[in-house]
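Before any comments, here is the structure.
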Amino acid sequence: MIEEKVEDLKNKFNRFDDWMGKYQYVIALGKKQNGFNEEWRIDDNEVRGCQSKVWLVTEKVDDNLKFYSDSDSSITKGISYLLSYVYSDEKPEDIIEHQPTFVKEIGLVDALSPTRQNGLKSMILKIKSFASQQYLENLPKPIS
C-alpha cells in the first residue's frame, strides 16, 4: 500500500514542468492538513533538527499507525503532510522496511536547502522511530 501512495505522488509531481509548480503544490498540500490538536504542540512531539517548528504525533489504529503533523512553515507543513500521507494507515514493519527514495525521485530533496533537507531526514527518522517502537512493543514476550 505504501508503494501505491508513492506512485500516486510521483504521478502528481510529474505533472509539473519545473520546481516552482512542485513547490506551490507542496504548500497547497500543507494547507489540506487538518486534525492536528492544539494540545499536541508540545516539546515531546517536536521534531528536532528542523529549521522550522514541526510536530509529529502518531496513534495506533488496529495494527496500523496513523500520523498527524503540523509546522509553522508552509513548505515544511507540506513536506510533513507528504510523509504523513505515505506512512499513515500502514503496519509498523512496512514503514520500517520502506526506503523513502520517493523524496528524491519527485525532486523534493534537490529543491530543498541543506537545513530543510536535514529537517526532512529528521521527520523520516522520527516516523521510523515511532514504527520501530510500536513493532518492538508488539513482539511476543519471552517465556520466563
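Readers should treat all values here as calculations from the given coordinates under stated rules, not as data from a laboratory. Note that the structure is predicted; figures quoted are calculated from it, not measured. All Cβ positions, glycine included, derive from the backbone under ideal geometry; neighbour counts span all protein chains shown.
Checking each residue of region 56-64 against the condition of being among the charged types (D, E, K, R), within 13 Å of the chain's Cα centre (by Cα), assigned to a strand (DSSP E or B) and closer than 13 Å to A131 by Cα gives no match. Checking each residue in region 97-120 for being under 25 Å from K53 (Cα atoms), charged (D, E, K, R) and surrounded by fewer than 16 Cβ atoms within 10 Å (Cβ to Cβ) picks out K104, D110.
Can you confirm whether region 124-135 contains a residue that is assigned to a helix (DSSP H, G or I), of a type in the set (D, E, K, R) and without any contact (Cβ under 8 Å) to a residue 24 or more places away in the chain? Checking region 124-135: not a single residue is assigned to a helix (DSSP H, G or I), of a type in the set (D, E, K, R) and without any contact (Cβ under 8 Å) to a residue 24 or more places away in the chain. Whether any residue in region 82-93 is among the charged types (D, E, K, R), surrounded by fewer than 16 Cβ atoms within 10 Å (Cβ to Cβ) and free of Cβ contacts under 8 Å to residues at least 24 places away in the same chain is what I want to check. The answer is no, given that none of the residues of region 82-93 is among the charged types (D, E, K, R), surrounded by fewer than 16 Cβ atoms within 10 Å (Cβ to Cβ) and free of Cβ contacts under 8 Å to residues at least 24 places away in the same chain.
Checked against (1) out of contact with any Leu (no Cβ under 9 Å at 6 or more places or on another chain); (2) over 26 Å from L136 (Cβ atoms); (3) in a helix (DSSP H, G or I), K77 meets all criteria but (1). Quick check on region 2-20. Is at least one of its residues free of Cβ contacts under 8 Å to residues at least 40 places away in the same chain, in contact with a Ser or Thr (Cβ under 7 Å, 6 or more places away or on another chain) and surrounded by fewer than 19 Cβ atoms within 10 Å (Cβ to Cβ)? No; the residues of region 2-20 include none that is free of Cβ contacts under 8 Å to residues at least 40 places away in the same chain, in contact with a Ser or Thr (Cβ under 7 Å, 6 or more places away or on another chain) and surrounded by fewer than 19 Cβ atoms within 10 Å (Cβ to Cβ). Considering region 32-55, the residues that are in contact with a Phe, Trp or Tyr (Cβ under 9 Å, 6 or more places away or on another chain) and in a helix (DSSP H, G or I) include one that is nearest to Q117 (Cα to Cα), namely N45. Taking D63, is it surrounded by 16 or more Cβ atoms within 10 Å (Cβ to Cβ) and touching a residue at least 24 places away in the same chain (Cβ under 8 Å)? Considered against the rule, which asks whether it is surrounded by 16 or more Cβ atoms within 10 Å (Cβ to Cβ) and touching a residue at least 24 places away in the same chain (Cβ under 8 Å), D63 comes out as no.
Just name the residue that is nearest to Y87 (Cα to Cα) out of those in region 43-60 that are crowded, with 17+ Cβ neighbours inside 10 Å and touching an Asp or Glu at 6+ places or on another chain (Cβ under 6 Å). Per the criteria, the residue is W55. Could you go through region 96-115 and let me know if any residue there is out of contact with any strand residue (DSSP E or B) (no Cβ under 9 Å at 6 or more places or on another chain) and more than 25 Å from F16 (Cα to Cα). For region 96-115, residues out of contact with any strand residue (DSSP E or B) (no Cβ under 9 Å at 6 or more places or on another chain) and more than 25 Å from F16 (Cα to Cα): present. Output the number of residues of region 1-18 satisfying the condition of being among the acidic types (D, E) and in a loop (DSSP other than H, G, I, E, B). Result for region 1-18: 2.
Only residues that are touching a Ser or Thr at 6+ places or on another chain (Cβ under 7 Å) and part of a loop (DSSP other than H, G, I, E, B) were counted in region 88-119, giving 0.
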